[in-house]
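Nothing in this text is a laboratory measurement; each read-out follows from the coordinates by a stated rule. What you see is a predicted model; the values in this text were computed from it and never measured.
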Amino acid sequence: MFDKAKKIYELQKKAKAMQRELQDTEIEAKSNDGFVMVVFNGEQNLVEINVEEEALKPENKKALENDLKNAISQALSRSKALAAEKAKQMMGDMDLNIPGL
């Protein structure tokens with residue numbers, strides 16, 4: 001019983017460390033034309049967004065909307081994949097046999 005409690009405590013410590021690491025990790029994505037750049041952290045929070053002046057012209061409205069959508073989707077997808085990989089590594093390191101995990 002004590003051994004399982006110890007493993008769960010270690011898991012909690014590793015989870016907190018992983019969360020701090022994800023907070024400090026930045027994922028950048030750019031639109032294909034380079035007019036839009038977004039940065040998310042590993043917790044899927046928007047950190048930064050940059051839009052080139054050229055993209056702000058009224059005639060570029062639809063292209064800007066598409067660029068924003070694509071860059072944000074790309075960054076979020078990378079961020080989620082990174083978080084999933086980190087969690088998988090953490091669980092693998094723990095060698096826990098807990099049903100449902």
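Values computed for the structure shown
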read-out: The chain: angle of helix 61-94 to the longest principal axis, Cα-based, in degrees nearest 10; value: 10
read-out: Highest-fluctuation residue, Asp67, Asp33, Asp24 considered, GNM on the chain with Cα pairs under 10 Å; value: Asp33
read-out: Principal axis dimensions, the stretch 26-93 - Cα atoms, whole angstrom, descending; value: 52, 16, 15
read-out: Degrees, to the nearest 10: 2-24 long Cα axis against longest axis of the chain; value: 20
read-out: Kirkwood Rh and Cα Rg combined as Rg/Rh, the stretch 1-53; value: 1.34
